[in-house]
Amino acid sequence: MRPTLWPAAAFAALALTALPVRAEDALPKLGPDAVPLTADHAYLAAAPAPDYWAFAPFVKPQFTSSACGVASVTAAVNGLAGLPALAEETVMSQPEMLDLIGSDAWAAISAEGGDGVKFAQLVDFATQAMTARGIAGRVETFHPAEAGAEPTPEMGAKLREILAANEASADDVALIYFNQGVVTGDWDGPHVSLIGAYDAGADRVLILEVDQDWYIPYWTPVDVALAAMLKPTSAEHGVLEGETGGIVRLIR
């Protein structure tokens, strides 16, 4: 749910590019808690990683700066449904998913400049999307802030249990609602993407980013992912202020 530049701001930004950037002011693309998949893909070469191979091909860039929720749900449902069987059938797009659900509220929050999605709304939309696509199953959630604002060993144990179960097969997919900046070291705001793999040996998760103007898939430690779920959204994000994250798991 990162804001985009409007034309006037874009021209200002273009002008600023003419200014030299001091070496001490330059920030790396990813902070120390995010390792891009291009730099480390050993797990995918050694493990079955069923979720990665089932869902990564369906992860597309969010079609607006506020559409991380619909982008993630669309990728998840497309992956559960699989590649269409007939040549004339397209892979469902994010606008087509919105049309299929027919929710004015979801269209509004996902539009450019929209408010973005709350955790409960993400759960509701995932449920509606599965039903609309005719996928029999259920949606389960892990919303750790309901148990307290600070990470606890019990939260960590529960999260790892969910990740291990999710990694076992491609019959389910996990969406992560988290503060993106806690992981990337950059923008401070709420975000949704898919979990592509869980490397239990290294205790890390692979985030399949829908925010593809800025990122590619990256690994982050489980404890960092948990901290990112627990950080409340700041007041600058309006109606999302105070929102915390978790896991939304779609199970076929």
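Any read-out appearing in this document is the output of simple, stated calculations on the displayed coordinates, not a laboratory observation. Predicted model only: the values in this text are computed from it and were never measured. Glycine also receives a Cβ, built like all others from the backbone with ideal geometry; neighbour counts cover every protein chain displayed.
Hey, what does the equivalent ellipsoid look like for the chain, semi-axes from the Cα gyration tensor as sqrt of 5 times each eigenvalue, largest first, whole Å? Show your work: numbers first, answer last.
Working: eigenvalues 143, 107, 74 Å².
With the √(5λ) rule applied to the chain, the semi-axes are 27, 23, 19 Å.
Could you grab the relative contact order for the range 193-252? Cα pairs under 8 Å, six or more apart, rounded to a whole percent. Could you put the intermediate results ahead of the total?
Numbers: 73 pairs, mean separation 12.0, N = 60.
That works out to 20 percent.
E241 versus D171, label points 7 Å from Cα toward the beta carbon: distance in nm?
4.5 nm
Work the Kirkwood hydrodynamic radius out for the range 147-248: mean of 1/r over every pair of different alpha-carbon atoms, inverted, in Å. Don't skip to the answer; put the middle values down first.
Details: mean 1/r = 0.0721 Å⁻¹.
Value: 13.9 Å, from the Cα pair sum.
What net charge is computed for the residues neighbouring A227, neighbours being all others with C-beta under 10 Å from the C-beta of A227, Lys and Arg scored +1, Asp and Glu -1? Please report the intermediate quantities before stating the final value.
Working: positive: K231; negative: D33, E150, D223.
In short, -2.
Reachable aspartates and glutamates from K118, Cα under 19 Å, same-chain residues fewer than 8 places away excluded?
D104, E140, E146, D188, E209, D211, E236, E241, E243
Let me have the relative contact order for the range 31-251, percent, based on Cα pairs under 8 Å that are six or more residues apart. Let's see the in-between values first.
Working: 414 pairs, mean separation 63.4, N = 221.
RCO, the range 31-251: 29 percent.
With r as the distance between the Cβ atoms of A105 and H143 and R0 = 22 Å, compute the FRET efficiency 1/(1 + (r/R0)^6) and round to 0.05.
Details: r = 20 Å, r/R0 = 0.93.
That gives a FRET efficiency of 0.60.
Name the residue farthest towards the positive end of the dipole of the range 31-251 from the options V222, S103, W53, assuming +1 on Cβ of Lys and Arg, -1 on Cβ of Asp and Glu, about the Cα centre.
W53
Chymotrypsin sites (Phe, Trp or Tyr not before Pro) within the range 164-217: which are DSSP loop residues with at most 11 other Cβ atoms inside 10 Å?
Values: sites: Y177, F178, W187, Y198, W214, Y215; in loops: W187, W214, Y215.
Of the chymotrypsin sites (Phe, Trp or Tyr not before Pro), not one in the loops of the range 164-217 has a Cβ with at most 11 other Cβ atoms within 10 Å.
Under the definition of Cα pairs under 8 Å and six or more residues apart, what whole-number percent is the relative contact order of the range 97-179?
Details: 28 pairs, mean separation 15.1, N = 83.
Relative CO of the range 97-179 lands at 18 percent.
Would you calculate a helix-derived [θ] at 222 nm for the chain, using -39,500 (n - 2.57) for each DSSP H run of n ≥ 4 and dividing by the full residue count, to the nearest 500? Mind dumping the intermediate values first?
On the way: 10 runs with 93 residues, N = 252.
Taking each H run of at least 4 residues, the total per residue is -10500 deg cm²/dmol.
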